[in-house]
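Shown next, in structure tokens, is the structure this report addresses.
The values are calculated or read from the model by the stated rules, or taken from the named source; none is laboratory data. Given the structure is predicted, the values throughout are model-derived calculations rather than measurements. Glycine gets a Cβ as well: all are built from the backbone with ideal geometry, and neighbour counts include every protein chain shown.
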Amino acid sequence: MAKAIEQLLVLQACDQDIQRLRRETDDIPRRKQQIESRLAAQQESLAHAEHVLLEKQARIKNLEGDIESARNQIQKFRDQQLQIKTNDGYKALEKEIATAQSVIRKLEDQELEAMEAVEAAKAEVADCRAALAKEQVRVDEEVKVFLARSEGLGGELQAKEEERRALAAEIEPAWLARYERLFAKQGDAAIALVEHGTCGSCHMKLSPAQVVDARKADTLTLCDFCGRMLYLGS
Ligand SMILES: [Zn+2]
């Protein structure tokens, strides 16, 4: 294997590390948002539960208002009864009162149901609050770990870039330039290991002549298919 290829392989490993670190750095806002969005989902559940509770409480208020006006109505009928002169008129009012009383009974039943619904809604709100508090602790912890990692990334990247500069300085410029063009074009690797007569990157079958060439120390052999620099393992 050519010495230059050996050096380039070390450089490539370094470049791949740099690439990984850069991707991780670029991914920070998205991942942070992903962690925090879990909190948003819990907050939404709580807001919904609170809204339901308010609705149920408003329902009780409405029912109480209806009961109150039915009672007032009955009182009016009774007042009218005191002034009424005829027996039929009195009986007609008696009937109205009975109807109003039956309405009140129905409203009171509904009020009982509504009170039960309020209790259930209160329990739901409490559950949501507890779940949110729990998630908040988890998210805070994760964000803390994540931010520490993010801070570390900058230093790690800087160290790798320095390492790369030192490695690149040792490599013959023509080979280095070739490698850099290929790495930029391929995006992941510029050098491929020949395995069982195939290119280790694109997995295409190489010609025997290419395999022989790849063994030579002084020449550069490119894969006919993907264009990567080929080398044979020692
Ligand atoms: Zn290839």
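Some observations on this one:
- Members of segment 190-234 that are within 12 Å of the ligand (Cβ to nearest atom), closer than 18 Å to residue 3 by Cα and assigned to a loop (DSSP other than H, G, I, E, B): 190, 221, 228
- Checking every residue in segment 144-162 against the condition of being farther than 30 Å from residue 37 by Cα, part of a helix (DSSP H, G or I), more than 27 Å from the chain's Cα centre (by Cα) and touching a residue at least 60 places away in the same chain (Cβ under 8 Å) gives at least one match.
- Neighbours by Cβ (under 9 Å, 6+ apart or cross-chain): first from segment 44-59, within 23 Å of residue 107 (Cα to Cα); second assigned to a helix (DSSP H, G or I) and basic (Lys, Arg): 53/122; 56/122
- For residue 12, the stated conditions hold: it is over 30 Å from residue 126 (Cα atoms) and assigned to a helix (DSSP H, G or I).
- Segment 163-189: number of residues that are within 16 Å of the ligand (Cβ to nearest atom) and either more than 36 Å from the chain's Cα centre (by Cα) or not charged (D, E, K, R) (or both): 8
- Being surrounded by 14 or more Cβ atoms within 10 Å (Cβ to Cβ) and within 30 Å of residue 192 (Cα to Cα) holds for only one residue in 66, 17, 27, and it is 17.
- When we screen 110, 75, 81 for residues that are farther than 27 Å from residue 49 by Cβ, more than 37 Å from the chain's Cα centre (by Cα), in the same structural domain as residue 46 (by TED's automatic domain parsing) and at pLDDT 95 or above, the only hit is 75.
- Residue under evaluation residue 145, criteria (1) within 12 Å of the ligand (Cβ to nearest atom); (2) surrounded by fewer than 17 Cβ atoms within 10 Å (Cβ to Cβ), criterion not met: (1)
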